[in-house]
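For reference, the structure discussed in these notes is given below.
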Amino acid sequence: MGAAGFGRREEQTGEWTVKVGYRHKMLVFLVAVMMAVLAAGCGAKAVTDVTQASAPAGAGSPASAKEATPKKIKVGTNPVVPNVSFLNESGKLTGYDVELVREIDKRLPEYEFEFVTGDLANLFLSLDTKKIEFIAMHLEQNEERKAKYLFNKELYDSSKTMVAVNESNNIIQSIDDLKGKSVLVTPSTSTAAVIERYNKANQDAVKIVYGEITDAVTQIKSGRVDATIIDSSLAANLNRTADAKLKLVGPNLNQQSGIYFAFRKADGSPLSEAIDKVLKEMKDDGSLTKLIQQWLKRDYK
């Protein structure tokens, strides 16, 4: 209907004019209401879209919530060394290496660490078979280990590898004096590798006995074995905490001094790099020094 025809009908009847005016107003009102509703609906959608777009990671969809879930990381350790990795009187796993890993865990919200315990040989086997992601057991590097495993770059302790005898022993002064003697070492360790290499080059001149470091302490004290090969910082720790009465003799047998974590070469880089970043932060803020002084009574340098 054109505008001119509509106007003529209004002129003919006053009642029609009223009705048309009323209906026209109602129509205008309803249209206005509908447009307001549509506008409100469109406005609400626009706000929702902006909110979702600006929401932090992990908020909103189940997929993003899943992405925010920390990745579980199993960490291997052997709880046999006082103040390094051990069970306290309450049966709680603790020590320098353990508490360091727990502090790293706090600073890496994208990961959640869980300890797995076992002897060192089995820990390396678990690392090989992907049952754990890294080993925290005051490890030194050596050529054999470096060929097979990845070590992080930031050391968290430094030390020397040396021959240790009872403090009353004045006969053994170096590794060459171990020929014809018995030496107790922990299997699959860098210290065991030192004496094994020496034996290979010297027609098995040394009698190698395998056991835990605590066995070495008791057997050297009792005279059942003559010596051990040990990390110098560990020897100092055992003398302080377990009255081990160990004396270090001869030169450093491992020039690659430093204590690190061990990872798989194939897939350990992202995790080791994240841990290195935290270790660097802890060195810068003094918390690494504070932690090692608490447990080992010295600095990591």
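The values are calculated or read from the model by the stated rules, or taken from the named source; none is laboratory data. The model shown is predicted, which means the values in this text are computed figures rather than measured ones. Don't worry about glycine lacking a Cβ; one is built from the backbone with ideal geometry, like all the others, and counts go over all protein chains shown. Heavy atoms of the whole protein, side chains included, go into the accessibility calculation; ligands, DNA and RNA do not. Shrake-Rupley method; radii C 1.70, N 1.55, O 1.52, S 1.80 Å.
Out of E167, E133, E140, one residue alone is touching a strand residue (DSSP E or B) at 6+ places or on another chain (Cβ under 7 Å), of a type in the set (D, E, K, R) and under 19 Å from T186 (Cα atoms). It is E140. Number of residues in the range 206-228 that are open to solvent by less than 30 Å² (accessible area, probe 1.4 Å) and either closer than 29 Å to A147 by Cβ or touching a helix residue (DSSP H, G or I) at 6+ places or on another chain (Cβ under 7 Å) (or both) equals 8. Residue count for the range 175-207, restricted to those that are of a type in the set (V, I, T), in a loop (DSSP other than H, G, I, E, B) and over 25 Å from I135 (Cβ atoms): 1.
Taking the range 137-174 as the range and being among the hydroxyl-bearing types (S, T, Y) and either on the phi > 0 side of the Ramachandran plot or not in a strand (DSSP E or B) (or both) as the test, the residues that pass are Y156, S158, S159, S168, S174.
For L155, the criteria (1) at pLDDT below 95; (2) open to solvent by 30 Å² or more (accessible area, probe 1.4 Å) hold in every case but one, which is (1).
Restricted to the range 119-136, and to residues there that are in a helix (DSSP H, G or I) and open to solvent by 50 Å² or more (accessible area, probe 1.4 Å), the residue that is nearest to G91 (Cα to Cα) is N122.
Taken over the range 217-249, the residue count meeting the criterion of being without any contact (Cβ under 8 Å) to a residue 40 or more places away in the chain and either within 23 Å of N142 (Cβ to Cβ) or of a type in the set (V, I, T) (or both) is 2. All but one of (1) open to solvent by 10 Å² or more (accessible area, probe 1.4 Å); (2) part of a loop (DSSP other than H, G, I, E, B) hold for A244; state the number of the condition that does not hold. Every listed condition holds for A244 apart from (1).
Within the range 139-152, the set of residues being in contact with a Gly (Cβ under 9 Å, 6 or more places away or on another chain) and at pLDDT below 95 comprises E140, Q141.
Annotation: V116 fulfils all but one of (1) among the aliphatic types (A, V, I, L, M); (2) open to solvent by 30 Å² or more (accessible area, probe 1.4 Å); (3) free of Cβ contacts under 8 Å to residues at least 40 places away in the same chain; the unmet one is (3).
The residues of the range 176-205 that are under 27 Å from A262 (Cα atoms), over 35 Å from the mean Cα position of the chain (by Cα) and surrounded by 15 or more Cβ atoms within 10 Å (Cβ to Cβ) amount to a single one, N199. Of all the residues in the range 253-264, those that are loosely packed, with under 13 Cβ neighbours inside 10 Å and either in contact (Cβ under 8 Å) with a residue 40 or more places away in the chain or touching a helix residue (DSSP H, G or I) at 6+ places or on another chain (Cβ under 9 Å) (or both) number 0. Would the range 283-298 turn up any residue that is surrounded by fewer than 20 Cβ atoms within 10 Å (Cβ to Cβ) and part of a strand (DSSP E or B)? Among the residues of the range 283-298, not one is surrounded by fewer than 20 Cβ atoms within 10 Å (Cβ to Cβ) and part of a strand (DSSP E or B), which makes the answer no. The set of residues in the range 158-175 being more than 19 Å from D215 (Cα to Cα) and either open to solvent by 10 Å² or more (accessible area, probe 1.4 Å) or within 34 Å of the chain's Cα centre (by Cα) (or both) consists of S158, S159, K160, N170, I171, Q173, S174, I175.
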